[in-house]
Amino acid sequence: MAYFVTGATGFIGRHLIERLLKRRGKIYVLVRSGSKKKFNELLDHWETDDSRVIPVTGDLTRPWLGMTKKNREMLDGKIRHFYHLAAIYDFSASAESQIKTNTEGTEQAVRLANELKAGTFHHCSSIAVAGIYNGTFREDMFEQAGNLDNPYFRTKHDSEGIVREQCQMPTRIYRPSMVVGHSDTGEMDKIDGPYYFFKLIQKMRNALPAWMPMVGIEGGRMNMVPVDYVADAMDYLGHQKGLDGECFHLVDPRPMRIGEVLNVFAKAAHAPQMTMRLDARMFAFIPSAVKQGLSMLPPVKRITNMILEDLGIPPSMLGMISYPTQFDNRNAEQALKGSGIRVPDLRDY
């Protein structure tokens, strides 16, 4: 049995490889020519060599992922599990780059898996496929996605659609929520999601005593899971019998609201906590045209941009404050039952 993994040098990928190394079989990983140094460093981290984790030079944006005909013939019929993890996970990335990597890259990954006659195609999707959906999005839902205007939402939805429509082998789809650092070590590879608020918390801590009560905003629920949970779940679910064709929400079944999350971080940082939080939904009565008009006023834009730039927060994050979508994960919970794999409480890590 052999594996093929795209995105192996990425954050989720490197942790998944650690799990796959505990199983039998060679692991072929797609590596860009410019990432060989990073790959060699990861071999040391994994405490293995390139006879077990074998690099295959390629490019996500090229036909057949840039793999040569010789390499395709070498792997023909040998891949039992094809894991596609490579994608752009960045709200601030350009629409063009996301289409090229997320959508077209997935199309080429499926094309390659079909040619190699892979056994099962494992697709790392995202809860972003739901778009802005008002209500609870279930694991058996796809076409019902809400507003997909955001390029990240659109490309993640389209890429999952490609897997559903074009794969000639059984598929298993995993939809993680916002992935944060390792629950034991805290290891993270980039500033993203809740990490954008750390600068704000730091400034509050430096300016005010921890006992000072603060007023803040209470928004939608911020669904987060640590990377070790995602890797453990994908590894376990990928090797259980009878799960072909299933979709799994790898999410926190009891997510906190943004204000609660910020208070957990503030407490850990010995910073003032928001004892009074104003629900962002209370501003819903203001017509959207009025809110948009106010936000476009030069003084308002200038002040907003200055504050966001100072705190290192991308403007796209503001749109997520009132994120209305919740996620049902009973399919994943049922499949993981008895494995001991569960989402730890944020306060515990």
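Each value in this text was obtained by applying a stated rule to the coordinates, not by laboratory testing. These numbers were taken from a predicted model, which means no experiment stands behind them. In this analysis, Cβ positions are derived from the backbone assuming ideal geometry, glycine residues included, and neighbour counts consider all displayed protein chains.
Tell me the mean residue ellipticity at 222 nm calculated for the chain from its helices only (DSSP H runs of n ≥ 4, each -39500 (n - 2.57), averaged over every residue, nearest 500). Provide the component values of the computation, followed by the final result.
Working: 12 runs with 124 residues, N = 349.
Result for the chain, helices only: -10500 deg cm²/dmol.
With everything on Cα atoms, drop me the angle between helix 151-166 and the longest principal axis of the chain, reported from 0 to 90° to the nearest 10.
Value to nearest ten degrees: 30.
Can you list the residues, at least 5 places off or on another chain, whose amide H is less than 5 Å from the amide H of F327, using H built in the peptide plane?
Under 5 Å from the amide H of F327: F137.
Grab the other residues whose beta carbon is less than 12 angstrom from that of V180, score K and R as +1, D and E as -1, and report the net.
Residues near V180 contribute -4 overall.
Would you compute, for the Cα atoms of segment 131-181, the largest minus smallest coordinate along each principal axis and list the three values in descending order, in whole Å?
In descending order, the Cα extents are 32, 29, 21 Å.
Separation of segment 1-65 and segment 68-132 by C-alpha centroid, Å?
So the separation of the two Cα centres works out to 14 Å.
Pick from K70, K36, K26: which is most flexible by mean-square fluctuation in a GNM of the chain where alpha carbon atoms under 10 Å apart are linked?
K70
Assigning unit charges at the beta carbon (Lys, Arg +1; Asp, Glu -1) and nothing else, what dipole magnitude in debye, to the nearest 20, does segment 88-234 show about its Cα centre? Walk me through the numbers before you get to the answer.
Numbers: 14 positive and 19 negative charges, 63 e Å.
Value, rounded to 20: 300 debye.
As an exercise, take the mean of 1/r over every pair of distinct alpha carbons in segment 137-227, invert it, and state the Kirkwood radius in angstroms. Each step should come with its number before you reach the end.
Numbers: mean 1/r = 0.0589 Å⁻¹.
It works out to 17.0 Å.
Assign unit charges at the C-beta atoms only (+1 for Lys and Arg, -1 for Asp and Glu), then state the dipole size of segment 8-80 relative to its Cα centre in Debye, rounded to the nearest 20. Present the calculation step by step, with values, prior to reporting the outcome.
On the way: 17 positive and 9 negative charges, 55 e Å.
Dipole magnitude for segment 8-80 comes out near 260 debye.
Do any GluC sites (Glu not before Pro) in segment 1-53 lie in a DSSP loop with no more than 12 other beta carbon atoms within 10 Å, and if so, which?
Values: sites: E18, E41, E47; in loops: E47.
When the GluC sites (Glu not before Pro) of segment 1-53 are filtered for loop state and at most 12 Cβ neighbours within 10 Å, E47 remain.
In debye to the nearest 20, how big a dipole does the chain give about its Cα centre with +1 on each Lys and Arg Cβ and -1 on each Asp and Glu Cβ?
Rounded to the nearest 20 debye, it is 200 debye.
Please compute the net charge surrounding E139, taking Lys and Arg as +1 and Asp and Glu as -1 over other residues with Cβ under 11 Å from its Cβ. Could the numbers behind the result be given before it?
Working: positive: R138, R175, R330; negative: D140, E246, D328, E333.
Summing Lys/Arg as +1 and Asp/Glu as -1 gives -1.
In straight Cα distance, which lysines are under 28 Å from K117, not counting same-chain residues fewer than 8 positions off?
Answer for K117, where 28 Å is the Cα cut-off: K22, K26, K36, K69, K70, K78, K100, K156, K241, listed by chain and number.
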